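The values are calculated or read from the model by the stated rules, or taken from the named source; none is laboratory data. Please read all numbers here as calculations on a predicted model, not as lab measurements. Neighbour counts are summed over all protein chains in view; Cβ atoms, including those assigned to glycine, are modelled from backbone coordinates with ideal geometry. Surface areas here come from the heavy atoms of the whole protein model, side chains and all, with no ligands, DNA or RNA. Shrake-Rupley method; radii C 1.70, N 1.55, O 1.52, S 1.80 Å.
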Amino acid sequence: LWMNYEKTRYQGYELALGWRDRAGDFSYSVNGWAAFQASKVLRADELDYKDAYRSKVGYSASSIWGLRYIGQFQSDEETLAVPQLFDDKLQKGDLKYEDMNGDGQIDDNDFCVIGNSTPKMIYGVNVNLCYRDFDLTVVGTGRAFYDLALTNVYFWNGWGDGNYSKYTLRNAGNPNHPRLTYNKVNNNYKTSTWWQRDSGYLRLKNVEIGYTLPSAWASKLRCSSLRIYATGVNLFTVSKFISDYWDPETGADAYPMQRQVFVGVNLTF
């Protein structure tokens with residue numbers, strides 16, 4: 001007999017606003033929308049943990065579980081104060097984590113909710129401007145209130161001895177980055193708040209500017225209408241975290257969004 005024991009509640013709502021007006025030869029419209037979503041685990045098939053932070057119940061279904069980073073070891077001796085059991089030995093420059101259950105050591109029992117991988121808000125805005133024969137359209141989209149954990153080969157070294165990611169090599173001299181090692185130090189590459197980034201963004205998705213010839217001019221070209229336009233796609237992105245190896249919309253495991261520019265002519269006969 002199979003039974004679906006777990007129970008999760010999902011809820012959300014949408015909001016859309018728009019305005020349009022005209023003043024002489026100038027007209028415009030502005031439209032915006034936002035969708036909000038949330039989830040909560042009401043019942044989970046898990047052990048009866050004595051430490052409440054280890055239970056999924058009450059947290060989002062898209063929670064990120066990891067360790068809370070609290071600094072770097074300033075000396076080899078400091079690594080012995082609260083042993084971190086992911087490696088036989090740690091050194092100065094390795095990452096240090098919070099002992100959540102106070103048992104005097106760091107291990108998988110100290111994993112807790114450190115973020116959320118699903119955007120709590122998805123939004124967009126559309127602006128249209130027209131002045132006589134000129135028109136301009138601007139479309140922006142974005143996501144907010146979510147995190148991404150940098151847990152892939154673009155960022156982590158040590159998938160094999162002597163294997164370094166470009167991100168790690170670029171930051172080899174950064175004192176705030178985990179120390180560069182030939183052999184993998186598991187402790188430094190656990191999912192943690194050190195490797196987590198706020199990945200909310202606003203992207204200028206589409207911009208198009210055009211000019212429509214007056215009908216008298218178009219008729220001389222033996223057509224009923226002629227419009228010249230230029231379009232830009234993914235022109236720029238506003239985000240707290242931008243990287244050569246990461247796109248906030250697609251992540252690191254997909255081909256990044258391309259910036260494109262087009263010029264064209266629409267003819268109607």
>> Counting just the Cα atoms, what span does the stretch 92-210 cover along each of its three principal axes? Round to the nearest Å and put the largest first.
In response: 71, 34, 23
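Per the Kirkwood formula on distinct C-alpha pairs, the Rh of the stretch 17-56 is how many angstrom?
So the Kirkwood estimate lands at 15.3 Å.
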> Where does each of S215, S39 land when they are ordered by accessible area, with a 1.4 Å probe and the largest first?
Replying inline: S215, S39
> Hey, can you rank 217-229, 140-152 by average C-beta count inside 10 Å, highest first?
Replying inline: 140-152, 217-229
> Once amide H atoms are placed 1.01 Å from N in the peptide plane, what residues at a sequence separation of 5 or more from Q84, or on another chain, have their amide H within under 5 Å of its amide H?
Replying inline: I106
> Computed over the Cα atoms, what is the radius of gyration of the stretch 87-160 divided by 2.2 N^0.38 Å, N being its residue count?
Replying inline: 2.04
> How large are Rg and Dmax for the chain when only the alpha carbon atoms are used, in Å?
Replying inline: 26.4, 86
> Thinking of the stretch 46-123 as a set of Cα atoms, what percent of all their pairs are more than 14 Å apart?
Replying inline: 66
> If you plug each phi of the stretch 108-125 into the Karplus form 6.51 cos²θ - 1.76 cosθ + 1.60 with θ = phi - 60°, what whole-Hz ³J(HN,Hα) values come out, in order, with x for Gly and Pro?
Replying inline: 5, 6, 9, 5, 8, 6, 10, x, 9, 8, 10, x, 7, 9, 10, 9, x, 9
>> What would the Debye equation give as log₁₀ I(q)/I(0) for the stretch 179-267 at q = 0.14 Å⁻¹, counting only Cα atoms as equal point scatterers?
In response: -0.71
> How much FRET efficiency would the formula 1/(1 + (r/R0)^6) give for V30 and D88, where r is the Cβ-Cβ distance and R0 is 51 Å, rounded to 0.05?
Replying inline: 0.25
> Counting only Cα, what are the radius of gyration and maximum Cα-Cα distance Dmax of the stretch 1-102, in Å?
Replying inline: 24.9, 76
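If packing is taken as the mean number of other Cβ atoms within 10 Å per residue, what is the order of 53-66, 192-205, 20-33, highest first?
192-205, 53-66, 20-33
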>> Given a 10 angstrom Cα cut-off, can you work out which residue in E98, E249, E77 is the most mobile in a GNM of the chain?
In response: E77
> Farthest toward the dipole's positive end in the chain, which of L90, G24, Q72, given Cβ charges of +1 (Lys, Arg) and -1 (Asp, Glu) about the Cα centre?
Replying inline: G24
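Tell me, what is the FRET efficiency for L17 and C223 to the nearest 0.05, using R0 = 51 angstrom and their Cβ-Cβ distance as r? Don't skip to the answer; put the middle values down first.
Numbers: r = 38 Å, r/R0 = 0.75.
Efficiency, from the Cβ-Cβ distance: 0.85.
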